[in-house]
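Okay, so here's the structure we're looking at.
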Amino acid sequence: MSSKDALETLTKQVNAAVKNGAKLHYGGKPVQRDGSFFEPTILTHITRDNPAYFEEFFGPVAQIYVVKNDDEAVALANDSHYGLGGAVFSQDIERAKKMASRIETGMVYINWLTDTAAELPFGGVKRSGYGRELSDLGIKEFVNQKLVVVRK
């Protein structure tokens, strides 16, 4: 973890998730050693009324949800206050592209975890930001563009 405070915050989040009905399958507590370490953790059965449903966990905590079809998967992904990046894994690339186009995030990767490179625009939507950095889109965030209209 990045700090003792981050470790304490994550510990409180996991404990609150479990207290509110999430099922802890693995991990769930700080590692007892020098530094700020947290066990890899797996949570399931997180319902919409559980605070964990709408929180970002900045640590090794996997939240696993089970859905019946693509529509439910997209609805779950979009039922968030955040929207930085997402990933779709599928052997059917056309299906994955259709899902990606429906997911409300600034970036969606297919068969790859989120990544960054200078030529790729980086940024989110909702509470995950506004605008883009990097690429030609990002450089335009640092300039004032002017429109000049001439009427003859």
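The values are calculated or read from the model by the stated rules, or taken from the named source; none is laboratory data. Just so you know, these numbers come straight off a predicted model, no measurement behind them. Please note: Cβ atoms are built from the backbone with ideal geometry, for glycine as well, and neighbour counts cover all protein chains shown. The protein model used for the area step is the full one, side chains on, heavy atoms only, and it has no ligands, DNA or RNA in it. Shrake-Rupley method; radii C 1.70, N 1.55, O 1.52, S 1.80 Å.
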Legend entry - Matching entry among 29, 97 (being over 22 Å from residue 121 (Cα atoms), modelled with pLDDT of 95 or more and of a type in the set (Lys, Arg)): 29
Inset, instruction - Considering only residues that are aliphatic (A, V, I, L, M) and within 28 Å of residue 54 (Cβ to Cβ), look in region 118-133 and name the one that is most open to solvent (accessible area, probe 1.4 Å). - result: 120
Legend entry - Pairs with Cβ under 7 Å, 6+ apart, first in region 33-48 and in contact (Cβ under 8 Å) with a residue 24 or more places away in the chain, second surrounded by fewer than 12 Cβ atoms within 10 Å (Cβ to Cβ) and basic (Lys, Arg): 36/4
Inset, instruction - May I ask you to verify whether residue 115 is open to solvent by less than 100 Å² (accessible area, probe 1.4 Å), more than 17 Å from the chain's Cα centre (by Cα) and of a type in the set (Asp, Glu)? - result: no
Inset, instruction - Go through region 6-36 residue by residue and tally those that are over 23 Å from residue 49 (Cα atoms) and among the β-branched types (Val, Ile, Thr). - result: 1
Legend entry - Failed criterion for residue 81 (all others in (1) modelled with pLDDT of 90 or more; (2) surrounded by 14 or more Cβ atoms within 10 Å (Cβ to Cβ); (3) under 17 Å from residue 54 (Cβ atoms) hold): (2)
